[in-house]
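The block underneath contains the structure these notes are about, expressed in structure tokens.
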Amino acid sequence: MNLSKYLPLTETTYYILVALVSPGHGYYIMQKVEELSNGSVRIAAGTMYGAIENLLKQKLIQSIPSEDKRRKVYQITEQGMNVLNLEAERLRHLVKIADINGLKGSE
Amino acid sequence: MRKHKWFLVDLQKEEKWISNTISKGYRMVDKGVGWYEFESYEIGEILPIIRIDYRVFSNVNKLNDYIMLFEDSGWKHVAGGMNSEKHYFEKLTPDANEDIFSDHRSKVERYKRVVSWNLFFFFLWMICLVESFDTLHGIFHLNEYYYTPGLWEMKGTEFVSHFLFETPFAVGRGVLDSISIIMPLVTILFILKAGYCYQREKRAGQMK
């Protein structure tokens with residue numbers, strides 16, 4: 001299975017997949033992504049719903065049974081984890097070559 | 001206060017019209033086919049803003065989950081159900097620019113859904129059209145919609161009674177055939193308009 005067709009991930013997708021390493025419903029994802037990104041990435045409800053539909057189609061996330069009858073709960077799939085790992089590797093390499101070539105962070 | 005207005009495919013235009021009405025001191029509370037219900041509302045720092053999403057749901061659980069997501073994030077579902085493609089959400093906020101879409105692409109993709117839903121209907125109507133193909137020319141020769149054998153050779157009261165009896169059925173057949181021509185054309189018009197709106201919104205986003 002060639003997963004590289006899913007790469008590179010958009011920043012928003014990356015955040016969503018990381019958020020769904022633990023299961024949660026749609027609003028949980030919105031809050032978690034805002035937290036993970038220190039407030040810089042805020043996904044609105046309409047955008048969120050579309051993103052979830054797309055990720056379900058791509059089988060990067062799945063719906064899991066939930067006690068909450070009114071809210072569907074999602075979690076990352078094994079395929080999603082593999083894609084996420086590949087992407088993290090790609091990003092680590094990019095950061096590494098930035099460091100090696102003297103590109104300093106803005107801290 | 002009920003306002004009668006038709007908006008078909010141009011979601012942007014519809015949102016603008018609703019915002020305009022709201023700015024005059026109203027809040028949207030309901031919607032039906034061809035009408036909007038508004039209530040008086042005193043606008044202060046907080047504005048009631050309405051945004052529209054276009055989505056079709058195959059079952060009521062999916063719809064409820066969708067509505068819940070919006071409600072959790074502060075958007076109240078004002079109108080739209082299993083039978084409607086448009087869903088109207090309201091938020092009370094001081095920020096007039098708040099939206100149910102946080103990126104331009106997902107907002108523009110509303111029109112893609114308009115196109116695919118209408119495409120589906122186009123194919124359904126085409127099937128109807130093919131089914132009624134044999135009888136279509138009756139629209140130009142209305143007498144062909146009368147199936148009573150020997151009707152046109154009858155005379156006097158015999159003719160009149162048979163003719164009047166069958167007329168409602170003949171009219172019904174004519175109407176059905178007309179619909180099966182008109183509806184595919186209507187869906188094509190919707191698709192073209194949605195395509196135009198999609199391009200317009202896409203370009204507007206690129207200019208920012």
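Couple of notes before you dig in:
- Of the candidates A:47, A:13, the single residue that is among the hydroxyl-bearing types (Ser, Thr, Tyr), in contact with a Ser or Thr (Cβ under 8 Å, 6 or more places away or on another chain) and within 12 Å of chain B (Cβ to nearest Cβ) is A:47.
- Where a residue in the range A:57-72 is at the interface with another protein chain (Cβ under 10 Å from one of its Cβ atoms) and its partner, wherever it lies, is of a type in the set (D, E, K, R) and part of a loop (DSSP other than H, G, I, E, B), with Cβ under 6 Å and at least six apart: A:63/A:72
- Scanning the range A:1-49 for residues being crowded, with 21+ Cβ neighbours inside 10 Å and basic (Lys, Arg) gives a total of 0.
- Residue list for the range B:180-203, restricted to those being of a type outside the set (D, E, K, R) and within 16 Å of residue B:15 (Cα to Cα): B:194, B:197, B:198
- Any hit, the range A:59-76, residues being surrounded by 15 or more Cβ atoms within 10 Å (Cβ to Cβ), in a helix (DSSP H, G or I) and at pLDDT 95 or above: no
- Selection count, the range B:76-94, where residues are without any contact (Cβ under 8 Å) to a residue 60 or more places away in the chain and either within 12 Å of chain A (Cβ to nearest Cβ) or farther than 18 Å from residue B:62 by Cβ (or both): 9
- Residue match in the range B:13-33 (condition: over 19 Å from residue A:71 (Cα atoms) and within 14 Å of chain A (Cβ to nearest Cβ)): yes
- Within the range B:1-33, restricting attention to residues that are among the polar types (S, T, N, Q) and loosely packed, with under 12 Cβ neighbours inside 10 Å, the residue that is nearest to residue B:112 (Cα to Cα) is B:20.
- Just one of (1) in contact with a strand residue (DSSP E or B) (Cβ under 7 Å, 6 or more places away or on another chain); (2) within 12 Å of another protein chain (Cβ to nearest Cβ); (3) more than 23 Å from residue A:69 (Cα to Cα) fails for residue B:70. It is (3).
- Within the range A:16-44, the residues that satisfy the criterion of being within 14 Å of chain B (Cβ to nearest Cβ), touching a helix residue (DSSP H, G or I) at 6+ places or on another chain (Cβ under 7 Å) and in a helix (DSSP H, G or I) are A:16, A:26, A:27, A:29, A:30, A:32, A:33.
- Evaluation of residue B:166 against (1) of a type in the set (D, E, K, R); (2) modelled with pLDDT of 85 or more; (3) within 30 Å of residue B:54 (Cα to Cα) (one fails), failing number: (3)
- If only residues of the range B:34-57 that are in a strand (DSSP E or B) and away from chain A (no Cβ under 14 Å) are counted, the one that is surrounded by the fewest Cβ atoms within 10 Å (Cβ to Cβ) is B:40.
- Close pairs from the range B:48-63: first touching a residue at least 60 places away in the same chain (Cβ under 8 Å), partner of a type in the set (Lys, Arg), Cβ under 6 Å, at least 6 apart: B:54/B:86; B:54/B:110; B:54/B:113
- Only one of B:119, B:136, B:124 that is more than 30 Å from residue B:200 (Cα to Cα) and surrounded by fewer than 17 Cβ atoms within 10 Å (Cβ to Cβ): B:136
- Set B:106, B:161, B:116: member being over 23 Å from residue A:46 (Cβ atoms), of a type in the set (S, T, N, Q), at pLDDT 85 or above and in a helix (DSSP H, G or I): B:161
- Residue in the range B:21-38 that is farther than 18 Å from residue B:84 by Cβ and without any contact (Cβ under 8 Å) to a residue 12 or more places away in the chain present: yes
The values are calculated or read from the model by the stated rules, or taken from the named source; none is laboratory data. Computed from a predicted model, the values in this text were never measured in an experiment. As a convention, Cβ positions derive from the backbone with ideal geometry for all residues, glycine included, and neighbour counts pool all protein chains shown.
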